[in-house]
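The values are calculated or read from the model by the stated rules, or taken from the named source; none is laboratory data. Every value quoted in this text rests on a predicted model; they were computed, and no experiment measured them. Every residue, glycine among them, receives a Cβ derived from its backbone with ideal geometry; neighbour counts consider all protein chains shown. The protein model used for the area step is the full one, side chains on, heavy atoms only, and it has no ligands, DNA or RNA in it. Shrake-Rupley method; radii C 1.70, N 1.55, O 1.52, S 1.80 Å.
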Amino acid sequence: MKRTLRVTPGADVLGAEVDGLDPASLTDQAARDKLMAALVEHKVLVARGAHFDAADLMTVSSALGEPTVHPIFPHLDGYPPIVEVINLGPEIKATSVWHSDVTFEPEPPSITMLAAQVLPAGRGDTLFADQEAALEALDEATAADIADARALHIGTGAALLTGSSEAPSAEHPVVRTHPISGRPSLFVNDAFTREVLGLPDDTGRNLVKRLTRHATQDRFVHRHQWEAGDFVIWDNRSTLHFHVHDYDWADRRLLRTTLAGDRPR
C-alpha cells in the first residue's frame with residue numbers, strides 16, 4: 001500500500017525529515033514532485049528506519065532521476081550505479097573533508113543518496129552545510145570579487161584511493177545558480193577545488209580555504225546523527241558535506257547512488 005509523504009523541517013538552516021518514503025510511494029508523479037520540491041527547499045532529507053537494500057535504492061534512485069556510475073570508485077556487483085561505502089580504517093578518511101560530490105566532472109551529480117546498512121552506534125555523523133545561505137551572508141566585497149570567477153576542480157584524492165594514474169578535472173563557476181530554484185550558491189570545496197582561474201596559485205588556494213571556512217560555520221550546518229536503516233538524500237548543487245570518522249575500525253557500510261546533473265552555470 002502506498003504511504004503518504006509528510007515532510008517535517010528541522011530546526012537548522014537546512015534539513016527535514018520525511019515520513020512515508022518507500023519505493024512504492026514514488027510510483028506516483030505527485031509524490032515524486034513533492035519529494036523533489038522538498039529537497040530543493042530543505043537541501044537534505046532524512047527517512048528514518050527506511051532499511052533500503054540495493055534493489056530498493058535503485059528503485060528510488062531511478063524514480064527520481066538518472067542514476068550515474070561513479071567515474072573512479074568500483075561499483076557493487078550487479079548494480080553499476082551503486083558504490084558500497086565502507087570503513088577503510090582511521091588512516092584513510094577520504095570523506096572527512098568538506099566537499100560536494102564529484103565536482104571534478106564537467107556535469108557533477110545533482111543528488112546523492114545514502115542507505116545505511118551497518119552503522120557504528122552513536123558515531124560516524126555526517127555534517128551538511130547550506131551554500132545558498134553561506135553566499136547570502138558573505139561580505140559584499142568578496143561577493144563582488146567572486147561573482148564571475150571560475151575555479152579548477154581535480155579528483156586527485158579519489159584517483160589515488162583506487163590506484164588510478166589519471167585525475168579527472170573540470171572548470172566551474174565559483175558561484176553557481178540552481179537549475180530549479182534559480183538561487184545562487186557558493187560552489188567550491190576543500191577536497192577538489194585546486195585553483196581559481198586568473199589568480200596566482202597561493203592566492204587562489206587561500207581564497208578557496210577562506211570561502212570554505214566561511215561556508216561551514218555552525219550557523220550554516222546541520223549535523224545528521226545516523227540511526228539504523230536511515231536513508232539520506234541531499235542536493236549536491238547547494239550543499240557541502242563532511243563525514244566524521246570517529247569509529248576507528250568499527251564496521252560501517254552504506255550504499256550510495258548519485259543522479260545525473262547539469263553543467264554548473
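Details
- Here the peptides 98-104, 206-212, 235-241 are ranked by packing, the mean other Cβ count within 10 Å, and the order with the highest first is 235-241, 98-104, 206-212.
- Estimated 222 nm signal from helices in the chain, with DSSP H stretches of n ≥ 4 weighted -39500 (n - 2.57), rounded to 500: -6500 deg cm²/dmol
- Angle in degrees between helix 54-64 and the longest Cα principal axis of the chain, rounded to the nearest 10: 60
- Listed residues Glu132, Glu105 arranged by accessible area, highest first, probe 1.4 Å: Glu105, Glu132
- Here segment 163-233 yields Rg over Rh of 1.05, to two decimals, using C-alpha coordinates and the Kirkwood radius.
- Relative intensity, log₁₀ I(q)/I(0), of segment 106-256 from a Debye sum that treats every alpha carbon as a point, q = 0.09, 0.15 Å⁻¹: -0.33, -0.89
- Calculated P(r) of segment 28-100 - Cα pairs past 16 Å, %: 65
- In the complete set of protein chains, residue-level accessible area for Glu166 is approximately 140 Å², probe 1.4 angstrom.
- Accessible area in the full protein assembly, largest first, 1.4 Å probe, for His75, His70: His75, His70
- Accessible surface, per residue, of segment 168-224 when the full set of protein chains is kept, probe 1.4 Å, Å²: 49
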